[in-house]
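Scroll down for the structure; my scribbles are underneath it.
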Amino acid sequence: MKTLSSVLLLLPAFAVPAFATVVVSSPSDGETVNSTVSYAATATTSTCPEGVASMGVYVDNELVYTVNGTALKTTLSVNPGSHKTVVEEWDYCGGATFVSMEITATNQAGVHVTSPANNSTVSSPAKYVATATSSCSQGVASMGIYVNRQLVYIENGARLNTQVDLGAGAQQTVVEEWDKCGGASYAPVNVTVQGGEKVLSNLQASDGWNGWGELAPNYDICSAPCSGVTWSMSRHVSSPSLSGNATEFKIGGTRPYSDVLWSIPVLGQDTTQNIPDTRHTLLPTLHNFTYDAYFYGSNLELTQVLEFDINMYMNGVGLLWGTQCRIAGGNEWDTWDDTTAHWVPTGVACNPVSDGWNHVTIQVRRESDDTLLYESISLNGVTADINKTTPPFSVPASWWGITANYQMDGNHKQSSNTTYLDNFSLTYWK
C-alpha cells in the first residue's frame, strides 16, 4: 500500500522562472471606493530584454489612462456604481500582461465593509476588509475595529484589510473611521463565530519530517544523496527563534533552479500527531484550513521561491493547496492549479524582509464538491483576498491523510541559502 510519502513523488511543486507581472497595490479587487479612485501599480518582465514600455488603466473596457515606464500612480474619477477595471503593462517586445479588479464607487461618506457580512457566521480568525470615504477635505486618517466595545486593531489610511481573533459565539464588532477634520463614522458588524477548531502547534519542531530534492528542469524527485542539489534540516534551534525551538532549513548544490521539498504528515496515514483516522470518519468532515508560520532568512534575496502547501487525500480525491512567494522570481504570490499542474500568478505582491521574522497566514477551504478554494494570504499583517478555485485530482483510494509542506527553491546560481521556521501551526475545522 502506498503511503502519503509516495504521493509527493507525483506532485510537481517547483519554481517557475520569472516572467511579466503587474502588481497592483491600489485599489483592491472587490473594494468599495470613493468616486475619485487612486490607482498604484508596478510592472516587471524577464521575457523582454528591453523591459516594460508603458502601463495603463481600463475602466469598463475603455482605456482611460496611460503612462510610460514601469510604475503607475494616478487618481481617476468614475461614476458611482460597479465597475470592471484593468491595469495593464505593455513591453517593448509586443507582449502585455494585466490584472483585473471589480470595484464599487460611491459618493456617500461612511464605512463600507466588504467582509465579513453583518449577521454572518464566520470562523476565527475572521477576515475584515473595509474602506472609508469622508466629506472631510483632508480625507480619512485611520480605521479601526472594535470587538465587544474594545478597540483591538487600528490602521492608518482609508483602507483596512486584516484578520482578527474572535471568541466562539455571538460577537458585536464595529468598523470605524476617523477623518482628519475630527469627525468619525462607523458600521456595526455582528457575527457568530464557529467553534470546534483544532490547532496542531509547533509543527516545525515535530518528529517525522521528510525531505526530497527536485532537480531542474524536469523537477524529478530524488532522495539524498541527490547529485545537483543538497539540503539539511536541524530542529530545536534557539537562535534565531521566537519560541526558542525553531527549525533550520538549508539548500545548496550545483544545478541552478533546483528545489528541496520538506513535508510532515499530520492527519491520517503516517500521522506525526497521533491522529490516524483509521475509521475514515474525520477527514470527510473537514473543510477549513489555516497554514500559519513565521519564517526568517538573512539573505532572502538569494531565494528564488518559498512555498507553503497543504495536501489532503481521501476517497480517491487529491487536493493540493500550493502557495508560493516568488522572491528572486519576481516578488509575487502564486497559487497552484491542480488540473493544469501550473502556478497561477495572483497579482498580489510578496516582499518579505531579510534579517527579520515574517509572518505568513494562508486560509483555504474544501468546498462541498471537493473544489479547492484559495481564500486569502496574509504577510506581515497585510491580508490579500485571493478567492480562486480549482478542481481536485485523482489519487489511489488507499491514500488517506493530510500533510503540510515547506519548500525552498534554488536561484540561477543554486546559491547556498538558509531559512528558519518557527511557531508553525495548522488549524482545521468543519
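Values quoted throughout were computed directly from the atomic coordinates according to the rules given, and no laboratory measurement underlies them. Keep in mind it's a predicted model, so treat the numbers as computed, not measured. Note: ideal-geometry Cβ built from the backbone for every residue, glycine included; neighbour counts use all protein chains shown.
For this structure, a couple of remarks:
- The relative contact order of the chain comes to 16 percent, based on Cα pairs under 8 Å that sit 6 or more residues apart.
- Alpha carbon centroid spacing (whole Å) that separates the stretch 362-376 from the stretch 61-97: 31
- Cα gyration tensor shape for the stretch 88-245, rounded if a/c is under 1.5, else prolate or oblate: oblate
- Annotation note: GluC sites (Glu not before Pro) in the stretch 196-278 located in DSSP loop regions with a Cβ neighbour count of at most 13 within 10 Å are absent.
- The stretch 198-429, relative contact order in percent, only Cα pairs under 8 angstrom and at least six apart counted: 30
- Of interest is the spacing of the C-alpha centroids, which for the stretch 232-287 and the stretch 292-340 amounts to 14 Å.
- For the chain, the Kirkwood hydrodynamic radius comes to 23.0 Å, computed from all pairs of different C-alpha atoms.
- Cβ-defined net charge surrounding Ser234, 9 Å radius [Lys, Arg +1; Asp, Glu -1]: +1
- A Förster distance of 45 Å, applied to the separation of the beta-carbon atoms of Gln172 and Ser239, puts the FRET efficiency at 0.60.
- For Gly139, nonlocal amide neighbours, meaning residues 5 or more places apart or on other chains whose placed amide H falls under 5 Å from its own, are Lys180.
- R0 of 56 Å, Cβ-Cβ distance Asn156-Glu50: FRET efficiency to nearest 0.05: 0.90
- Ranked by the mean number of other Cβ atoms within 10 Å of their residues, highest first, the peptides 274-285, 219-230, 345-356 come out as 345-356, 219-230, 274-285.
- The eigenvalues of the Cα gyration tensor, multiplied by 5 and square-rooted, give the stretch 191-252 an equivalent ellipsoid with semi-axes of 32, 19, 10 Å from largest to smallest.
- Rough spin-label spacing in nm, given labels placed 7 Å along Cα→Cβ, for Leu76 and Glu197: 3.7
- Linear extension gain, Asn190 paired with Ser38, 0.36 nm per residue minus alpha-carbon span: 51.7 nm
- Note on Lys250: lysines with a C-alpha under 26 Å away, same-chain residues under 8 apart excluded, are Lys413.
- Relative pair counts by distance (%), Cα atoms of the stretch 198-429, 10 Å bins: 8, 33, 39, 18, 1
- log₁₀ of I(q)/I(0) at q = 0.17, 0.21 Å⁻¹ - the stretch 21-106, Debye sum with one point per alpha carbon: -0.62, -0.89
- Gained length - Thr106 relative to Tyr92, 0.36 nm times residue gap less alpha-carbon distance: 1.3 nm
- Within a straight-line Cα-Cα reach of under 16 Å, Lys388 can be paired with the following aspartates and glutamates, leaving aside sequence neighbours fewer than 8 residues apart in one chain: Asp29, Glu102, Asp309, Glu332, Asp334, Asp337, Asp338, Glu367, Asp369, Asp370, Glu375.
- Rounded, prolate or oblate (a/c below 1.5 giving rounded, otherwise prolate when a/b exceeds b/c) for the stretch 110-193 by Cα gyration tensor: prolate
- Inter-site label distance for Asn119 and Glu301 at 7 Å from Cα along Cβ, in nm: 5.4
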